[in-house]
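Worksheet: the structure to be examined is printed underneath.
The values are calculated or read from the model by the stated rules, or taken from the named source; none is laboratory data. Values in this document were obtained by computation on a predicted structure and should not be read as measured data. When we count neighbours, we look across all protein chains shown, and the Cβ atoms used for this are built from the backbone with ideal geometry, even at glycine. Only protein heavy atoms, including side chains, enter the accessible area calculation; ligands, DNA and RNA are left aside. Shrake-Rupley method; radii C 1.70, N 1.55, O 1.52, S 1.80 Å.
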Amino acid sequence: MKSWDVIVIGGGIIGLSLAIELDKRGLRIVIIDKSEPGREASWAAGGMLADFPRELPPPLRDLAPASARLYPEFVHELEDESRLKIDLRQEGTLLFASEAGFPREPLPRPLSDLEPGLAADHLSHLTALLLPERSVDPRDLIAAAVAAAKHRGIDFSSGDHVLAVEIASGRAAGVRTNKTQFAAPIVVNCAGAWAGQISPHPFPTHPVKGQMLSVVMPQKEFLRHTIRTPDVYLIPRSDGRLVIGATQEEAGFDKQTVPATIQKLRQLALHAAPGLADARILEAWAGLRPGTPDALPILGPTSTPGYFVATGHFRDGILLAPITARVMVQLITGQSPDFDLAAFDAKRFHS
Ligand SMILES: Cc1cc2nc3c(=O)[nH]c(=O)nc-3n(C[C@H](O)[C@H](O)[C@H](O)COP(=O)(O)OP(=O)(O)OC[C@H]3O[C@@H](n4cnc5c(N)ncnc54)[C@H](O)[C@@H]3O)c2cc1C
């Protein structure tokens, strides 16, 4: 049986970026995915790199901005190694917030100048903030990460469903899939919303369904900023698409889109930007965010030596991928991580 140094379960953005970082340390890696890598939450995401602390749970208020700072380099490296282009936009986000106590900073220019396509009247009861956030096209990112991983010689086993982590002499020894077995002294569970289904550790992850759609903007730069309101968000892509999202539903592992829900999202987008009335719908889809009981990721060692977990990134997994890869590599290679990860400890759910 061929063996590896590390088995990464799950080829979403978390597993892919971790595998690439581990490969840089000279470790031999295999990524095992139950279907094609990068076709689940990471493919479905909007790609906002939303690191504004007020919108984040307190334990993520250091990690998220640190990850956002890593993004230009992260994208640059993936582009370089994959020879694929990734749409990383730097135009910023216009955040419209309803909560009292949001910082009130005047916009640098009138809203009608910044985004003439927005319905200023409809949004006038909200506090508007211009944030220096980036956004990325997650499908570009995933395609580049898969290509970069392959280019580096990382092995992939697709269509292989991991059922259990194998334990020998009290330590991780590999995994058993629906087809075969893989041996390695280190196993990392990056299986997203499904992470809790792999024995022996039933991590309390659950899927949180998000439905979204994309339309063709009337002109390429009809909107330039990401727009976030309490009801809906709008993310322009550089090729003229506009992504509109997203619902948050407890619907088990169902990924069907519901036409009435997609129409509702479209209506909410029209209230914010009436010029989209005739915009053609390109696509509607749904994905499953990896949720946890306290809405925080699960990062670090498990109670089985050699078995690690990196999942539960919920609404922020695209943003958190580079920093997750960094701290997980530090943990796996026995270094102390750059951040205090106590809030993300897998053992916090043991009663
Ligand atoms: C609608 C929507 C909008 C979002 N918008 C944003 C956003 O704007 N910004 C942001 O930062 N984040 C966003 N997210 C969240 C983000 O997509 C996730 O947090 C992130 O993609 C999680 O990555 P992952 O690699 O953990 O999971 P996934 O991408 O789901 O990957 C998990 C992988 O594990 C594989 N797998 C599962 N079980 C097994 C098994 N037993 N054996 C083998 N393989 C297995 C799956 O096939 C899959 O490929 C959004 C998510 C959704 C759904």
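Scoring Arg83 on the criteria (1) more than 30 Å from Ala184 (Cα to Cα); (2) open to solvent by 50 Å² or more (accessible area, probe 1.4 Å); (3) at pLDDT below 95; (4) not hydroxyl-bearing (Ser, Thr, Tyr) leaves a single failure, condition (3).
Taking the range 159-217 and the strands (runs of 3 or more DSSP E) fully enclosed by it, the elements with 3 or more residues that are surrounded by fewer than 21 Cβ atoms within 10 Å (Cβ to Cβ) are at 162-168, 171-177, 206-216.
Against the definition (away from the ligand (no atom under 15 Å from the Cβ) and within 22 Å of the chain's Cα centre (by Cα)), how does Val188 come out, yes or no? It is false that Val188 is away from the ligand (no atom under 15 Å from the Cβ) and within 22 Å of the chain's Cα centre (by Cα). Annotation for the range 119-135: at least one member residue is under 30 Å from Ile20 (Cα atoms), open to solvent by 20 Å² or more (accessible area, probe 1.4 Å) and touching a residue at least 12 places away in the same chain (Cβ under 8 Å). Every residue in the range 213-266 that is closer than 20 Å to Leu129 by Cα and of a type in the set (Phe, Trp, Tyr), please. Phe222, Tyr233, listed by residue number.
Somewhere in the range 341-351, is a residue part of a loop (DSSP other than H, G, I, E, B), modelled with pLDDT under 95 and away from the ligand (no atom under 16 Å from the Cβ)? Before the answer, list the steps.
Applying the first criterion (part of a loop (DSSP other than H, G, I, E, B)) to the range 341-351 yields 341, 345, 350-351.
Subset that is modelled with pLDDT under 95: 350-351.
Narrowing the set further to residues that are away from the ligand (no atom under 16 Å from the Cβ) leaves 350-351.
For the range 341-351, residues part of a loop (DSSP other than H, G, I, E, B), modelled with pLDDT under 95 and away from the ligand (no atom under 16 Å from the Cβ): present.
The requirement of being within 6 Å of the ligand (Cβ to nearest atom) and either open to solvent by 10 Å² or more (accessible area, probe 1.4 Å) or in a helix (DSSP H, G or I) (or both) is fulfilled somewhere in the range 290-298, by at least one residue.
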